[in-house]
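Peer 1: Next up is a structure, given as structure tokens.
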Amino acid sequence: MPAACESVLEDIEDIVSAEDLKPHDRQFVRKNVFPKVRKRNSQKNVQTDDEPPSDSIIPGVQKIWIRTWGCSHNNSDGEYMAGQLAAYGYKITDDSAEADLWLLNSCTVKNPAEDHFRNSIKKAQEGKKKVVLAGCVPQAQPRQEYLKGLSIIGVQQIDRVVEVVEETIKGHSVRLLGQKKDNGKRLGGARLDLPKIRKNPLIEIISINTGCLNACTYCKTKHARGDLASYPIEELVDRAKQSFQEGVCEIWLTSEDTGAYGRDIGTDLPTLLWKLVEVIPEGAMLRLGMTNPPYILEHLEEMAKILNHPRVYAFLHIPVQSASDSVLMDMKREYCVADFKEVVDFLKEKVPGITIATDIICGFPGETDEDFLETMKLVELYRFPSLFINQFYPRPGTPAAKMPQVPASVKKQRTKDLSQLFHSYNPYDHKVGERQRVLVTEESFDSNYYVAHNPFYEQVLVPKDPVLMGKMVEVNIYEAGKHFMKGQPVSDARVHTASITRPLAKGEVSGLTEEFRRAPQNGTNWKARPSAEIPVKTQLSSWMALQLPWQQEGDGLKILSVSLALLAVLVMFYYGGMKTE
């Protein structure tokens with residue numbers, strides 16, 4: 001019976017106790033299962049357990065703290081999860097100490113990010129907080145020892161976060177790690193029109209696809225995000241329109257590789273971009289995310305035209321990782337240094353002033369001094385204004401982790417040498433005295449300035465005047481630093497309001513449909529919602545039937561079959577335990 005249950009449930013890895021037993025384990029411990037009778041004080045009939053019974057907890061009223069690490073794709077996922085939870089009635093708090101539950105959204109790119117994630121789990125447990133884990137770390141390796149007994153929401157299951165949080169608050173361990181599919185074909189992920197709380201109400205992050213077509217030997221993200229799966233163009237355009245109607249003035253397109261967009265659904269990135277620029281209002285801007293060299297090569301002419309569009313930032317992030325062809329081959333990057341140079345040279349010629357950002361890994365296994373010298377020469381040649389320097393970290397389960405490693409001291413020295421080269425030049429000094437058009441979207445980290453970006457997505461700090469926020473203004477550049485310029489607004493210049501409507505307030509939920517607005521919050525009257533009057537074992541089988549407005553399309557039969565199958569399993573376990581007594 002457990003094997004049949006596993007094939008029916010598909011996207012449920014576990015719904016278990018804190019012991020996190022697998023279905024196979026349960027089959028062999030059934031003879032030791034006994035019905036648990038909750039002890040009560042005989043005189044006052046007061047429960048002696050430290051916590052109230054799970055069937056007495058009212059979900060939807062607790063405070064939740066969300067922490068996200070990693071890329072803009074991960075940040076978008078975090079915004080979606082926050083929006084759904086807030087729409088359901090939970091309070092999203094910035095104070096981790098007052099929160100009842102911590103939702104930790106992880107990144108698996110480098111060891112330090114996972115270390116921070118692991119330490120946060122430990123801190124939550126020490127503080128007796130409920131914990132739900134999300135992101136690429138638990139998706140890629142859900143059976144790691146330090147994840148044992150904890151609830152997990154998979155990267156393609158973020159539209160189910162309310163269910164996972166609800167069950168976790170009741171004391172259950174829930175794991176949803178499956179893939180979104182339509183007639184057997186993998187989809188880009190959860191729906192794009194879910195409720196969302198934008199970290200910055202002026203900026204919308206849209207994931208155009210998930211996964212990639214590569215198999216880089218150092219990459220752990222591939223284990224979590226999988227192969228390429230793109231969203232249809234019409235869904236992405238609709239999401240952009242909705243964002244602009246909510247006061248957004250800047251859109252970031254993101255994915256593991258934007259250049260590969262559409263190859264799985266018979267379209268391509270330029271086709272998507274031309275459709276998107278049609279709906280960008282005057283004064284608003286579009287920023288394109290990271291693209292690997294192989295997939296942009298065949299679209300260079302069209303990409304140059306798009307990057308010259310007045311509502312698209314002349315900016316492109318193209319990771320080179322190394323300037324040595326032998327290292328690139330060991331990385332399985334599927335291009336050579338000449339390909340990277342062809343892309344950069346063409347775009348610099350056709351898109352005057354374009355900003356090219358890139359990534360470099362120092363100390364990849366097998367990298368020689370000669371290989372590293374070639375990388376230094378490449379940086380000296382192009383003097384990239386934005387350069388992400390990463391010391392190599394072997395990620396568990398990747399082919400590169402099994403290769404002969406470069407000594408740690410050598411990796412550190414190469415990282416230091418490249419950083420010194422990067423900081424030896426100032427890319428913006430020649431721009432002092434220029435008059436630039438900038439879009440103001442956020443506050444600086446030190447809170448002393450507002451942050452704006454010019455048409456090349458170069459950072460310009462402007463006076464902290466509330467009138468400027470969300471506006472496109474002209475400034476005179478009077479100072480330049482390594483990573484920024486400073487500009488003074490021109491007094492006689494026109495200030496253009498980029499947003500077509502008032503932006504949402506910080507923390508306000510976007511994307512609420514009329515259907516959801518009419519529905520009650522805090523869990524009342526939802527279809528087949530588990531009730532405090534129903535025993536815990538029955539709740540475990542019926543929680544799957546919870547239907548939120550954004551989940552009510554075509555799931556009825558699946559939910560019914562899953563609920564019945566799970567109920568049957570639990571009843572079998574229950575009565576099996578009774579017979580052994």
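The values are calculated or read from the model by the stated rules, or taken from the named source; none is laboratory data. Since the structure is predicted, the reported quantities are computational estimates derived from the model, not experimental observations. Don't worry about glycine lacking a Cβ; one is built from the backbone with ideal geometry, like all the others, and counts go over all protein chains shown. Surface areas here come from the heavy atoms of the whole protein model, side chains and all, with no ligands, DNA or RNA. Shrake-Rupley method; radii C 1.70, N 1.55, O 1.52, S 1.80 Å.
Peer 1: Mind giving me the nanometre distance, one decimal, between the label points for residue 115 and residue 424, set 7 Å out from Cα along Cα→Cβ?
Peer 2: 2.9 nm
Peer 1: Can you give the % of DSSP beta bridges in region 59-186 that are antiparallel, to the nearest 5? Don't skip to the answer; put the middle values down first.
Peer 2: Working: 2 of 19 bridges.
Bridges in region 59-186 that DSSP calls antiparallel: roughly 10 percent.
Peer 1: At a probe radius of 1.4 Å, what is the per-residue accessible area of residue 218, in Å² to the nearest 10?
Peer 2: 40 Å²
Peer 1: Once phi is turned into ³J(HN,Hα) by the Karplus curve 6.51 cos²θ - 1.76 cosθ + 1.60 with θ = phi - 60°, what whole-Hz value does each residue of region 214-221 show in order, with x for glycine and proline?
Peer 2: Whole-Hz 3J(HN,Hα) from phi for region 214-221: 8, 9, 4, 6, 9, 8, 8, 4.
Peer 1: If you don't mind, there's one more thing I want to ask. What's the long-distance tail for region 430-497, i.e. % of Cα pairs beyond 13 Å?
Peer 2: The answer is 58 percent, as a whole percent.
Peer 1: Follow-up question, since we're still on this one. In whole Hz and in residue order, list the ³J(HN,Hα) couplings for region 233-241 that follow from phi through the Karplus curve 6.51 cos²θ - 1.76 cosθ + 1.60, θ = phi - 60°; x for Gly and Pro.
Peer 2: 4, 4, 5, 5, 5, 4, 5, 5, 4
Peer 1: Among 174, 109, what's the order by accessible area (1.4 angstrom probe), most exposed first?
Peer 2: Per-residue accessible area, sorted high to low, gives 109, 174.
Peer 1: Compare 268, 369 by solvent-accessible area with a 1.4 Å probe and give them largest first, with all protein chains kept in place.
Peer 2: Values: 268 45, 369 105 Å².
Reading off the accessible areas and sorting them downward yields 369, 268.
Peer 1: Gain in length, residue 245 to residue 349, computed as 0.36 nm per residue apart minus the alpha-carbon separation, to one decimal in nm? The partial results should precede the final answer.
Peer 2: On the way: separation 104, 0.36 × 104 = 37.44 nm, distance 3.60 nm.
This chain segment gains 33.8 nm when fully extended.
Peer 1: Say a paramagnetic label sat at a point 7 Å from the Cα of residue 263, along Cα to Cβ; which residues of region 318-334 have their backbone N under 20 Å from it?
Peer 2: Only 318-322, 328-334 pass the distance filter.
Peer 1: Could you list which residues have their amide H under 5 Å from that of residue 180, counting only those 5 or more apart in sequence or on another chain, with H placed in the peptide plane?
Peer 2: Sorted by chain and number, the residues that satisfy this are 187.
Peer 1: Once you put a point 7 Å from the Cα of residue 309 and another 7 Å from the Cα of residue 91, both along the Cβ direction, what distance in nm separates them?
Peer 2: With each label point 7 Å from Cα toward Cβ, the separation is 4.3 nm.
Peer 1: Taking H placed 1.01 Å from N in the peptide plane, check which residues at least 5 places from residue 60 or on another chain put their amide H under 5 Å from its amide H.
Peer 2: Distant-sequence amide H within range of residue 60: zero hits.
Peer 1: What FRET efficiency would be calculated for the residue pair residue 148, residue 193, taking the C-beta separation as r and a Förster radius of 35 Å, to the nearest 0.05? Each step should come with its number before you reach the end.
Peer 2: On the way: r = 35 Å, r/R0 = 1.01.
Efficiency, rounded to the nearest 0.05: 0.50.
Peer 1: Also, quick follow-up: Among the listed pairs 128/402; 185/350; 220/416; 181/350; 377/464; 123/196, which are separated by more than 29 Å between their Cα atoms?
Peer 2: Working: 128/402 38 Å; 185/350 38 Å; 220/416 25 Å; 181/350 40 Å; 377/464 40 Å; 123/196 27 Å.
Beyond 29 Å between Cα atoms: 128/402; 185/350; 181/350; 377/464.
Peer 1: Right, something else. In percent, what relative contact order does region 239-302 have, based on Cα pairs under 8 Å that are 6 or more apart in sequence?
Peer 2: 46 percent
Peer 1: What are the residues whose amide H is under 5 Å from the amide H of residue 510, where those residues sit 5 or more places off or on another chain and H is modelled from the backbone?
Peer 2: Those qualifying (amide H under 5 Å, at least 5 residues apart or on another chain) are 196, 197, 198.
Peer 1: A follow-up question, please. Viscosity 0.890 mPa s, temperature 25 °C: Stokes-Einstein D of region 54-134 from its Kirkwood Cα radius, in µm² per second?
Peer 2: 186 µm²/s
Peer 1: Determine the equivalent ellipsoid of region 278-432 by diagonalising the alpha-carbon gyration tensor, then write out the semi-axes as square roots of 5 times the eigenvalues, largest first, rounded to whole Å.
Peer 2: The equivalent ellipsoid of region 278-432 has semi-axes of 31, 18, 14 Å.
Peer 1: Please identify the chymotrypsin sites (Phe, Trp or Tyr not before Pro) of region 394-491 that satisfy two criteria: DSSP loop assignment and at most 14 other Cβ atoms within 10 Å. Which are they?
Peer 2: 425, 445
Peer 1: Determine the share of region 342-407's accessible area contributed by carbon and sulfur atoms, expressed in whole percent, with a 1.4 angstrom probe.
Peer 2: With neighbouring chains kept in place, the figure for region 342-407 is 57 percent.
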